1. Starting from residues that are touching a strand residue (DSSP E or B) at 6+ places or on another chain (Cβ under 9 Å) and free of Cβ contacts under 8 Å to residues at least 60 places away in the same chain, keep the ones in segment 5-18 and report whichever is farthest from residue 85 (Cα to Cα).
2. Could you tell me whether residue 24 is surrounded by fewer than 19 Cβ atoms within 10 Å (Cβ to Cβ), on the phi < 0 side of the Ramachandran plot and out of contact with any helix residue (DSSP H, G or I) (no Cβ under 8 Å at 6 or more places or on another chain)?
3. Could you please let me know if residue 73 is modelled with pLDDT of 90 or more and either over 19 Å from residue 14 (Cα atoms) or surrounded by fewer than 11 Cβ atoms within 10 Å (Cβ to Cβ) (or both)?
4. Scanning for something at pLDDT below 80 and surrounded by fewer than 12 Cβ atoms within 10 Å (Cβ to Cβ), does segment 49-66 turn up at least one residue?
5. Against the definition (surrounded by 17 or more Cβ atoms within 10 Å (Cβ to Cβ), within 13 Å of the chain's Cα centre (by Cα), at pLDDT below 80 and on the phi < 0 side of the Ramachandran plot), how does residue 33 come out, yes or no?
6. Could you check segment 17-96 for strands (runs of 3 or more DSSP E) lying wholly inside it with 3 or more residues that are under 15 Å from residue 5 (Cβ atoms)?
7. I need every pair where a residue in segment 31-42 that is free of Cβ contacts under 8 Å to residues at least 12 places away in the same chain has its Cβ under 7 Å from the Cβ of a residue that is part of a loop (DSSP other than H, G, I, E, B) and surrounded by fewer than 20 Cβ atoms within 10 Å (Cβ to Cβ), sequence separation at least 6 or different chains.
8. Test residue 65 against the stated conditions and say whether it is within 28 Å of residue 92 (Cβ to Cβ), touching a strand residue (DSSP E or B) at 6+ places or on another chain (Cβ under 6 Å) and free of Cβ contacts under 8 Å to residues at least 60 places away in the same chain.
């Protein structure tokens, strides 16, 4: 899933992700949200939209959600984990 991927934001390593219960994530028939330790927001130009990727402590991608805008992806993360903008490192993928 790295082909042409642009990284826009990632939660800081020190961010404690606490579930709000807003969304259930299922992969391989099992709920995986308790294993989520890191979030990343990416895009895949020329496609539109922003993916909110969910990772476990080993860096394995568990699941993702697709959003129309970066703000929508950040809002989804806030609803799911009650994290604010200070919990994120932001990148400029266009000029990196």
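The values are calculated or read from the model by the stated rules, or taken from the named source; none is laboratory data. Given the structure is predicted, the values throughout are model-derived calculations rather than measurements. Every residue, glycine among them, receives a Cβ derived from its backbone with ideal geometry; neighbour counts consider all protein chains shown.
1. Step one: of segment 5-18, the residues touching a strand residue (DSSP E or B) at 6+ places or on another chain (Cβ under 9 Å) are 5-13, 15, 17.
Filter again for free of Cβ contacts under 8 Å to residues at least 60 places away in the same chain, leaving 5, 13.
Working: 5: 22, 13: 14 Å.
Looking at residues that are touching a strand residue (DSSP E or B) at 6+ places or on another chain (Cβ under 9 Å) and free of Cβ contacts under 8 Å to residues at least 60 places away in the same chain, I get 5.
2. On the way: surrounded by fewer than 19 Cβ atoms within 10 Å (Cβ to Cβ): yes; on the phi < 0 side of the Ramachandran plot: yes; out of contact with any helix residue (DSSP H, G or I) (no Cβ under 8 Å at 6 or more places or on another chain): no.
For residue 24, the condition - surrounded by fewer than 19 Cβ atoms within 10 Å (Cβ to Cβ), on the phi < 0 side of the Ramachandran plot and out of contact with any helix residue (DSSP H, G or I) (no Cβ under 8 Å at 6 or more places or on another chain) - is not met.
3. Answer is yes for this residue.
4. Of the residues in segment 49-66, the ones at pLDDT below 80 are none.
No: zero hits.
5. On the way: surrounded by 17 or more Cβ atoms within 10 Å (Cβ to Cβ): yes; within 13 Å of the chain's Cα centre (by Cα): yes; at pLDDT below 80: yes; on the phi < 0 side of the Ramachandran plot: yes.
For residue 33, the condition - surrounded by 17 or more Cβ atoms within 10 Å (Cβ to Cβ), within 13 Å of the chain's Cα centre (by Cα), at pLDDT below 80 and on the phi < 0 side of the Ramachandran plot - is met.
6. Details: elements: 38-43, 50-55, 61-67, 88-90.
Fully inside segment 17-96 and qualifying: 38-43, 50-55, 61-67.
7. Short answer, once both residue conditions are applied: 31/24; 31/25.
8. Working: within 28 Å of residue 92 (Cβ to Cβ): yes; touching a strand residue (DSSP E or B) at 6+ places or on another chain (Cβ under 6 Å): yes; free of Cβ contacts under 8 Å to residues at least 60 places away in the same chain: yes.
So residue 65 passes the test.
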